[in-house]
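Here is the structure we will look at, set down as structure tokens.
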């Protein structure tokens, strides 16, 4: 109990002073204690880091919810309006009534009139339009409920409190400007000011003198908060005074001006406290003055509603599905072609990991795509477990055995496996070719490509497309604006005191630096920013969204930039799309209804594959041979036909139809692979819808007649031929000098070059030699299909702890409730056992607090009595590892040195050895 009280005191210190209202929660822990189980489950689902590990009780949960790391993570996941609401609470009084918060968000009914409004600009002083004020008033309860649900705000509507860590994170300070653009309060800005200077300010402002700095600051703040008196004071400002205020009113609140020798406008403002010194060369606009000039608003542009997402173009859903299906088939063919390239010519792994630029370029050329697109296909195959490094001394990338399993799947299931891997992968191909923090180029398959937000951004982007009518596409800028609203860009803190951005104007105050304008970070290292407007166009989430949109098109999830029917089903959405007048309702920044667990993703992918299957083109068993030594494949070919044709001819162009070109080298490659000339004639005649052209038949016969006329074997290597004239011709050719040939016999030449070098050298000279075995048989030279040992697909890097499922949430809430009962249940005073002093108790409990201490006889008697009456008792227990804990149990049976009881803490029946129970006490509400 001592431990629980101490922790309650710490939580009270962290969350703020106690409320004085009867029945009002005094701490965040007390408010959590009053919440229903479903509200606690919602909190734990929104902030899963609070479950690592499961807190012992609600006091520990409140303490953990107030830690900086957890608060930063929670704040970073707020939508723009909820974040703006939290920022307003950070500059509001603590506690803050709801009406005060609403005034900070909407402003007063009237703006600041007169010259101040004119010089500060219409947006600085004019009230918000009535429609926007109405939207803010309507959405503010949701924003407050969001903050409450995530334990960032607690207390009733009359006393809203932002948890202390969040207030420190979002409040303005000299080192961490606020996105509101507000500066310090009068009290904060005058904390180091001399009493004499304070008296001068009071006298100049016409306020009664006081020697108490706190009272003096309060008097100035009261003046600045009085609209009538402030209007009268500002009406006396000299020329240029309003221009100075206009530069600082929306932030940053700091400006450069000489405090020792200010210009007349700045001097007038300093004398009345409308500006306060911040060092020798800078001044600051107090928060109360800025709020008056703003008409009471904390933000220049509150954004209560997400940006609209109108359709950019509309297509027939059937056309979208057909286009997407064609892209899906192309994706399968491209991955298969990539694997075919790498199984015969496996690229090396760089020493630092990853693929070399040269190999990436070679792969891109082979696939006839850009290097960026080639990097995407490589990373996709890697994420799906289809390729990996072989782990050998001369380490290379090659297909895995899983690729062979993938090849045996139907096309629609192949696609489902690829898109499932893409949705879950944190590896980001778009980064390839960029630079890391040290200026090194990021390589494909390199170790630095993981970006944990990538899966969430992909899903959210596709879910936004799913809110549009079937066949409708969205504008990229609109999608990015919505994503930025749902999760504002994160930036580091900017310097609070700006450097001069230009020459001083007549006012004597340099313009504010853009480095610390509105939209700068919320705190040093916090990475939180609400921004205003669309924010940075180059933040990570925006880049991830751009890449995801292009990758979804390559994979056939979208077609013509619109989400396909099978793409909707992949996300768990209805296949026909939303009704024209209604869109799926989901909390901002969430992907409600989308599958998240591996089982859900697999089920959704299987459903999508079944929808895609009828749309995929049927592989063809024929080509059209042309007289110009080409063959046209009018569609995708069956795999055996495509493989044979890929050996016999070169791919000249791809697209809706693939064009193959027959060359002497390609025909020789087929002969080297063991095909005879008659086999090639028969193959072409069987698979061509047109007669075999005479030039193609002549080409095959001509290459076959020369093929194998020269024979190469190993001496180092030898070359034999029945035609000694041909050998003499080779010897006389100067190009053969590098082969170091010499005649052994009229029909045999020996070479010091290896057989493969000799083979390539003679082919380069225009001959058609064939390799032979030691027995004189022609060797079939077919590239060996390289495979790695079995490999698992790379594990995605999680973006924080995983979201708990309903079963885990229910168990966690029950455990926390039970632990809280054990920690807070009132009980009768414990009669200390003989010889068990305070020191002994402390030694037994360590830092967990004092456990009850009773004799063995008292423990046994109390347990037996509780078992008879069915009452619960409070016990101290030390397990076999020496860990001490407090528990509330209801004994059922006591025998043989053990007590069987229902453990309220664990929410299950357990058996405890009596000798491990340090003591027992009856609960106060159980005592007769």
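No lab work stands behind these numbers, since they all come straight from the coordinates. The model shown is predicted, which means the values in this text are computed figures rather than measured ones. No Cβ is skipped: glycine too gets one built from the backbone with ideal geometry, and neighbour counts run over all protein chains shown.
Stretching the chain fully between residue 550 and residue 24 yields a gain of 184.1 nm (0.36 nm per residue, less the alpha carbon separation). Normalising the average separation of contacting C-alpha pairs (under 8 angstrom, six or more residues apart) by the number of residues puts the relative contact order of segment 186-293 at 30 percent. The length gained by stretching the chain between residue 67 and residue 126 to full extension, at 0.36 nm per residue less their Cα-Cα distance, is 17.3 nm. With viscosity set to 1.002 mPa s and temperature to 20 °C, compute the Stokes-Einstein D of segment 711-771, Rh being the Kirkwood radius across alpha carbon pairs; µm²/s, no decimals. So the translational diffusion coefficient is about 194 µm²/s.
Each peptide among 646-658, 285-297, 416-428, 357-369 gets the average number of other Cβ atoms lying within 10 Å of its residues, and from highest to lowest they stand as 285-297, 416-428, 357-369, 646-658. When restricted to Cα atoms, segment 325-409 yields an Rg and a Dmax of 12.4, 42 Å, respectively.
Peptide packing for 161-174, 336-349, 742-755 was compared via the average number of neighbouring C-beta atoms within 10 Å per residue; ordered from the highest value, the list is 161-174, 336-349, 742-755.
Before anything else, pin down the relative contact order of segment 602-671: Cα pairs under 8 Å, at least 6 apart, normalised by residue count, whole percent.
25 percent
First check a/c for segment 355-469, with a ≥ b ≥ c the square roots of the eigenvalues of its C-alpha gyration tensor; if it is under 1.5, answer rounded, and if not, answer prolate when a/b is larger than b/c or oblate otherwise. Oblate, since a/c reaches 1.5 and b/c is not below a/b.
Expressed in units of 2.2 N^0.38 Å, where N is the residue count, the Cα radius of gyration of segment 256-412 is 2.08.
Cα convex hull, segment 624-706: 82 Å³ per residue, rounded to a whole number.
Between the beta carbons of residue 742 and residue 786, assuming R0 = 25 Å, the FRET efficiency works out to 0.10 to the nearest 0.05. Between residue 409 and residue 319, the FRET efficiency from the beta-carbon distance, with R0 = 35 Å, is close to 0.80. Which distance in nm do the two modelled labels at residue 879 and residue 450 give, with both placed 7 Å along the Cα-to-Cβ direction? Distance between label points: 3.0 nm. Its relative contact order, with pairs defined as Cα atoms under 8 Å and 6+ residues apart, puts segment 624-706 at 34 percent. Between residue 476 and residue 864, full extension at 0.36 nm per residue minus the direct alpha carbon distance yields a gain of 132.5 nm. Given segment 186-293 reduced to its alpha-carbon atoms as identical point scatterers, what log10 I(q)/I(0) does the Debye formula return at q = 0.11, 0.13 Å⁻¹? Normalising to I(0) and taking log10 leaves -0.29, -0.41. Summarising the label geometry, the points placed 7 Å from Cα in the beta-carbon direction at residue 807 and residue 228 lie 6.8 nm from one another. Averaged over residues, the count of other Cβ atoms within 10 Å places the peptides 444-456, 669-681 in the sequence 444-456, 669-681, highest first. Approximating the spin labels as points 7 Å out from Cα along Cα→Cβ, the residue 42-to-residue 261 distance works out to 6.2 nm. Go ahead and run the numbers for FRET between residue 370 and residue 799, Cβ-Cβ distance against an R0 of 30 Å, rounding to 0.05. My answer for the efficiency is 0.55.
Across q = 0.22 Å⁻¹, segment 853-928 modelled as identical point scatterers on its alpha-carbon atoms has Debye log10 I(q)/I(0) values of -0.96, in the order of the q list.
Label zone of residue 855 (point 7 Å out along Cα→Cβ, amide N under 20 Å): in segment 882-912 this covers 897-898.
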